[in-house]
Amino acid sequence: VSRCLLRHASTENFKRSCRDSLKMLLIIAVVLLFYFLYINSCKPRGYPPGPVRLPLVGFLPYIKKECFHKQATQLSSTYGNVIGLYFGTKANVVVNGWDAVKDSLLNDQLNGRPENLIYNIIFDGKQRGMLYVEKDFFKEQRRFTLHQFRNLGFGKQSSKEVIHEEVNDLIKEIQETEGSILIKDVVGVSAINILWALMGGKRFSRSDDRLLHLVKVVNDLFSSGDVSCLQLMFS
């Protein structure tokens, strides 16, 4: 009888110990969960003001599917021209207004590019081309590009004549168009046509199928948010 009582007592002690251990593990798990959520909802010290950062998702649930630039303009009326946002776990800074954008572009500390997995795979992590280069290599490429453009007439009287001619055709097309137009399409045609005229010495008709196709491809690539294929075109 005493042996059975001892066995029963030891069994009860073991069950009680297991329950206590489970309770402790549950408490630790809850504390770690709240700590994880807290860490993923905090912003670094000195980070620009902006909407509340939700854990893991950040500002993503509040993004409107269309016209994010309009939403950013609305946010700037509350938080100022420099807004700190989190898209998921990635920190982002949105800049609004001419002066703020100009200061950002002239700030060497902001001379960087985000990580791009597809780009790293294609180019083995090396900096190539113009779109995804940064720091001193970007300055070198920019200096070289501007030098070549100047040799082709960029900034000289000949380039001004090309630009004026293209702008006149653009204004004429807008005036003759009935109804609404897509600014990105008509301006894209002008931009590419001017560059082609400076580099190739020839302007295409604004209705040229090849020119319109090229503009569509460029717009689609930038709209998709992945310009890796576009990088291949200019590398």
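Descriptive notes on the structure:
- Listed by first and then second residue, the pairs linking a residue in the range 90-108 that is over 15 Å from residue 79 (Cβ atoms) to a residue that is open to solvent by 60 Å² or more (accessible area, probe 1.4 Å) and assigned to a loop (DSSP other than H, G, I, E, B), with Cβ atoms under 6 Å apart and 6 or more places separating them unless they lie on different chains, form an empty list.
- Only residues that are among the hydrophobic types (A, V, I, L, M, F, W, C) and open to solvent by 60 Å² or more (accessible area, probe 1.4 Å) were counted in the range 38-56, giving 3.
- Qualifying residues in the range 69-122 (those that are open to solvent by less than 100 Å² (accessible area, probe 1.4 Å) and aromatic (Phe, Trp, Tyr)) - the one modelled with the lowest pLDDT: 119
- The residues in the range 105-135 that are over 18 Å from the mean Cα position of the chain (by Cα), more than 23 Å from residue 95 (Cβ to Cβ), assigned to a helix (DSSP H, G or I) and not β-branched (Val, Ile, Thr) can be counted, and the count is 1.
- The range 132-146 residues that are of a type in the set (Phe, Trp, Tyr), paired with ones that are modelled with pLDDT under 80 and surrounded by 13 or more Cβ atoms within 10 Å (Cβ to Cβ) (beta carbon under 7 Å, 6 or more apart): 132/113; 132/116; 132/119; 132/231; 137/127; 138/111
- Hits in the range 217-232 - residues which are in a helix (DSSP H, G or I) and modelled with pLDDT under 65: 228, 229, 230, 231, 232
- Candidate set from the range 184-216 (those that are part of a helix (DSSP H, G or I) and open to solvent by 100 Å² or more (accessible area, probe 1.4 Å)); member that is nearest to residue 148 (Cα to Cα): 199
- Residues of the range 72-95 that turn out to be assigned to a helix (DSSP H, G or I) and either among the basic types (Lys, Arg) or over 17 Å from the mean Cα position of the chain (by Cα) (or both), as a count: 6
- Residue match in the range 106-114 (condition: under 30 Å from residue 144 (Cα atoms) and basic (Lys, Arg)): yes
- Test: residue in the range 79-101 that is of a type in the set (Lys, Arg) and farther than 24 Å from residue 62 by Cα: no
The values are calculated or read from the model by the stated rules, or taken from the named source; none is laboratory data. Computed from a prediction, not measured in an experiment: that's the story for all the values here. Cβ: placed from backbone, ideal geometry, glycine included. Neighbour counts: every protein chain shown. Accessible surface areas use protein heavy atoms only, side chains included; no ligands, DNA or RNA. Shrake-Rupley method; radii C 1.70, N 1.55, O 1.52, S 1.80 Å.
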